[in-house]
């Protein structure tokens, strides 16, 4: 394939979309589509570059070794340089809670499966955790795609229709997973395979070994403008990603790859700037995200992206530019062109071993410089367990509406079903432990929604209760997420179908992270922060009044205010350890305060 500046221009546009999305500026609201564009370009280039020797045996050992050696030189040196630099800087900059998260992420990153590691956690758009290496998930997907490229080429050489069918199946599977397991759809290669294949099939079917057959510059310019337009639309939260918006971005990218941008545009100042940005795009992608997060870092605050317009934005962009140029000229470019074969794996294995060994050692060394009292505050941030039913259950039981939290449900005295938003998820462990103590079974509603939202309707909950012979449905939500009409409807269904409805009042919530407040009060300059019970509950007094107005023989309500506020609301337990892992979710220690409430429920 001849050199194509328009591909570099596409890369430049893509990386700018991603960067400005992460900066949370007032444009490119959907700039994350830049990653989907990268996947299409990657699939296109792999179709062209896989077998440069023209060997008819696409699975020949020499062809395989040459391909993997070139991919390793292209991706891994800068990848591991980013990992080690971030790990080193973070050791001195971060407090133990955030460094502990980074240390755990380093294991998956060093093994080239960061997407698998983040798959076990909450979704990509969650900002509660500090994850400066989160952006490397896409490199994990890239590497995993490279591993199957030889097989893809072999299938294409034997059955083009089969590969097209696999592409369509991947897209349909992606859409289905978006409704069942969004994390899987976002992070895993099978659900992203179709994006690579759009580029791959375009290169194989509509170009001459990657060169444009029939230039149609005006079509490609229009497609490029549309890419920028759809990346400027805020559709996040309306539909899940990747979906039809990603498909449109991928098809527009394929249009540019097939028809090419006009040479006049490529030679223009704007085109040359985009082309130069594309040249540095890999280095820009690697360095921009950790620079933003490390610069905006605040203890216990999770991932903070938003950069203020003006001097702060100028500073961040300057740092990204300087770091990208340094990465490109010192690491990416020199090592990319160095000739060595895949069999010389010693440097790669050394990098993996060093990263895996260094991260936990640095974590323990950092913790050794703090007192046990300080460490107890740090550890409260991680005092929680797997979200909801866990990612595996989403895959093995995609149509199930609930999962079991206790074993031996068939031998249980009574069966309970817990539903609600993330506050219900926070109390599930202690609730399940209390249920087991009394010989009862407990299930949890799989969707993280309060009653009345999405598929968590009274009819669906009642149907699930009947399916599993549920005796009691327990409802618990954060303040402000109570709907009287839906609850009253569920109570009516409960009276009709022979089960009960129990509502646990919302727990007190705070305006700031409780571990941060505890840290500032004991070891910083923070002023002690106390709040009376009314400060917490006045803002949801309408909710509490509506809860009190629910009537029916099948309904019971359990108040929790006296367990937390007598009269001042507590943030820590008697030993001074925070009972929340953020500003409003109880940690495992905090949920034990509600054990008396749980005991009453299971003894009804």
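Key figures
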{"read-out": "Calculated FRET efficiency for the pair residue 93/residue 559, C-beta based, R₀ 56 Å, to 0.05", "value": "0.80"}
{"read-out": "Cα extents of region 262-384 along the three principal axes, largest first (Å)", "value": "65, 49, 24"}
{"read-out": "Residue-averaged [θ]222 nm for the chain, counting only DSSP H segments that reach four residues, each worth -39500 (n - 2.57)", "value": "-18500 deg cm²/dmol"}
{"read-out": "Extension gain, residue 315 back to residue 273 (0.36 nm per residue minus Cα-Cα distance, nm)", "value": "13.1 nm"}
{"read-out": "log₁₀ of I(q)/I(0) at q = 0.10, 0.14, 0.16 Å⁻¹ - region 1-141, Debye sum with one point per alpha carbon", "value": "-0.45, -0.83, -1.03"}
{"read-out": "Projected area, mean over directions - region 14-367, Cα convex hull, nm²", "value": "17.9"}
{"read-out": "More than 45 angstrom apart: percent of Cα pairs within the chain", "value": "27"}
{"read-out": "Extension reserve of the residue 216-residue 111 stretch, reckoned as 0.36 nm per residue once the Cα distance is removed", "value": "33.5 nm"}
{"read-out": "Modelled FRET efficiency - R0 51 Å, residue 433 with residue 68, Cβ distances, 0.05 increments", "value": "0.55"}
{"read-out": "Net length gained if the chain between residue 511 and residue 551 were fully extended (0.36 nm per residue, minus Cα distance)", "value": "11.1 nm"}
{"read-out": "Sites residue 395 and residue 244, calculated FRET efficiency, Cβ-Cβ separation with R0 22 Å, nearest 0.05", "value": "0.45"}
{"read-out": "Fraction of antiparallel bridges per DSSP, the chain only, in percent to nearest 5", "value": "35"}
{"read-out": "Residue exposure sequence - 388, 512 - by fewest surrounding Cβ within 10 Å", "value": "512, 388"}
{"read-out": "Kirkwood Rh and Cα Rg combined as Rg over Rh, evaluated for region 101-193", "value": "1.05"}
{"read-out": "For 325, 517, 320, order by how many other beta-carbon atoms lie within 10 Å, fewest first", "value": "325, 320, 517"}
{"read-out": "Cα-based equivalent ellipsoid of region 371-472: semi-axis lengths in Å, sorted from largest, via gyration tensor", "value": "27, 18, 12"}
{"read-out": "Cα principal axis extents for region 373-433, largest first, Å", "value": "44, 29, 20"}
{"read-out": "P(r), alpha carbons of region 214-281 - 5 Å bins starting at zero, rounded %", "value": "4, 16, 21, 23, 18, 11, 6, 2"}
{"read-out": "Taking 60, 486 and counting other C-beta atoms within 10 Å, the order from fewest to most", "value": "60, 486"}
{"read-out": "Taking only Cα atoms of region 391-602, radius of gyration then Dmax in Å", "value": "17.6, 58"}
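Every read-out reported here was derived from the displayed coordinates using simple, explicitly stated rules and does not represent laboratory data. The shown structure was predicted, so the numbers you read here are calculated from the model rather than taken from an experiment. Cβ: placed from backbone, ideal geometry, glycine included. Neighbour counts: every protein chain shown.
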